[in-house]
1. So which residues in the stretch 113-124 are loosely packed, with under 11 Cβ neighbours inside 10 Å and not in a helix (DSSP H, G or I)?
2. Only one of (1) within 21 Å of the chain's Cα centre (by Cα); (2) within 19 Å of Asp351 (Cβ to Cβ) is not met by Cys62, so which one is it?
3. Test each condition in (1) in a loop (DSSP other than H, G, I, E, B); (2) within 16 Å of ligand 1 (Cβ to nearest atom); (3) more than 27 Å from the chain's Cα centre (by Cα); (4) surrounded by fewer than 19 Cβ atoms within 10 Å (Cβ to Cβ) for Glu150 and report the one that comes out false.
4. If we keep just the residues of the stretch 181-204 that are acidic (Asp, Glu) and touching a residue at least 24 places away in the same chain (Cβ under 8 Å), which is surrounded by the most Cβ atoms within 10 Å (Cβ to Cβ)?
5. Just to check your reading of the model, which residue among Gly93, Gly20, Gly100 is in a loop (DSSP other than H, G, I, E, B), within 19 Å of the chain's Cα centre (by Cα) and not acidic (Asp, Glu)?
6. Do we have any residue at all in the stretch 214-222 that's modelled with pLDDT under 90, surrounded by fewer than 19 Cβ atoms within 10 Å (Cβ to Cβ), of a type in the set (S, T, N, Q) and away from ligand 2 (no atom under 16 Å from the Cβ)?
7. Among the helices (runs of 4 or more DSSP H) confined wholly to the stretch 349-440, which include 2 or more residues that are small (Gly, Ala, Ser) and modelled with pLDDT of 80 or more?
8. Name the single residue, out of those in the stretch 156-168 being surrounded by 17 or more Cβ atoms within 10 Å (Cβ to Cβ) and under 14 Å from Gly196 (Cβ atoms), that is nearest to ligand 2 (Cβ to nearest atom).
Amino acid sequence: MFVTISPKDNESLTVAYLAGQVACDKLEEIDISNLPSQASRFAATSKDPVACARYFNRIVRCFFQDVVGNDQEEQRPHARGGSFGHVEAFIAGFETQVDGTLHFHSMLWLYGMAGSRLQVADLLKSDSYRASFLSFSDSVQCHSAPLPTEATCPTCVYAPGAVVAVEPSSLAFTRAAGRTEAPVTARCATCKSEFGHGDLIMASLRRGVAELLGADSTIDFEKELRPLVNLPPASWTSVAIGKIYATDPNVRRRELAEAVITTYLVVHCNLHSWQHCEPCFKNSKRTQGLNVGACRYSYPREPAKVTHFDDDTELVVARRVGSEYVNSYSATIMLTLPTNHDIRILARHGDMYYSLKYTFKYQQQVTSAAILVEAFKRRVARDEQILPAAPNVAAQRRVCSLVHAATKTQEIAAPQAAHYCLGGDGMYASQGFAPLLLGQ
Ligand SMILES: [Zn+2]
Ligand SMILES: [Zn+2]
């Protein structure tokens, strides 16, 4: 499996505490009434990259210990396993994203999973294996916001009609320059109104909140739900919906509150922008042959009623109408570590190779000794011809330019520098590694 987690360190209450802005004895009493303002949390976190790196390191350890279920000391999974089953091995590479905050990509190898794609193809001939595989997929990754969107048209008032998917125009996959509205991806079967994904998800949230808090049209559901994004889950009970989710005696209401909260967090953490962003149009070997100028992540994605294998035995995960832009997520992670993340079972052709490369792309560019040694040899050969010098001068020249070449283009974000200063090494793995001493 391939898992990416981007802990939300800017504005985090924990980082504000580590930065000395929130007193320790107040930390557990923080609720909606006394949460430090967004601006003051942001200032605290952006001024203290060491606090950000400490928070990140802690999230990484908690994630692999509690969510993945690995006993780091014993180098084996806990007997209870974790959210994805029992993990045989994992490796995670750390890097900074555009705003300078740290995130990680990880690869997890699971006990009981087929070892190769050919083996998977063979095993899938068995109906029971196929059924188990599909239910495993549904248990670890979701491509739909949980609130229902198809049954009730947002604009039919008296006799709500069903909403059906509409194939988006090819324009929807390209840069959104000049367009101000999300592409039409659905239509009501009764009144024929057309909708973008946001219309349907917002309508489902409005219905869910009204059902939980009373059908009062004056309820501002954004105001009811927004604090959930900033408060730690332990303090959600200070918000009406969070209180229903944690304490209501009626299980159906608890489940509805959970679906409302998860949907809201998906909207805030895990939606691909319908306007797309720069990396959507980056060329790579993987996108060769696809439409030029089309989003390489293929958003908006086509809805699918159930999780299944298509004709090429590629896994297709269930996706609701209205969830065309939802990035793969885990409901458990969303409710315990509300942050942007990505989960993939690597069962598609070429997935494994591409993901491993992606997980470690940053280190490869920066510290690959093998590439530097090759470049060094080429330059020594060239210098011998055009810049004749005594051996010690030639050597000095080479070392200086090598150091310059290896450092001039690097700017390391402060949290990453802090991570290294705190003794981190840019990765985290289930097993220890021995250094390979190239010089010897
Ligand atoms: Zn309608
Ligand atoms: Zn895109």
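1. Gly115, Ser116
2. Evaluating Cys62 over (1) within 21 Å of the chain's Cα centre (by Cα); (2) within 19 Å of Asp351 (Cβ to Cβ) leaves (2) as the failure.
3. (3) is the only condition that Glu150 fails.
4. Looking at the filtered set, the residue picked out is Asp199.
5. Just a single option satisfies the conditions, and that option is Gly100.
6. yes
7. Values: elements: 351-359, 361-367, 369-386, 391-407, 414-421.
Fully inside the stretch 349-440 and qualifying: 414-421.
8. Only one residue tops the list, namely Pro168.
The values are calculated or read from the model by the stated rules, or taken from the named source; none is laboratory data. As the structure is a computational prediction, the values presented were derived from the model and not from experiment. FYI the Cβ positions are ideal-geometry reconstructions off the backbone, even for glycines, and counts take in every protein chain you see.
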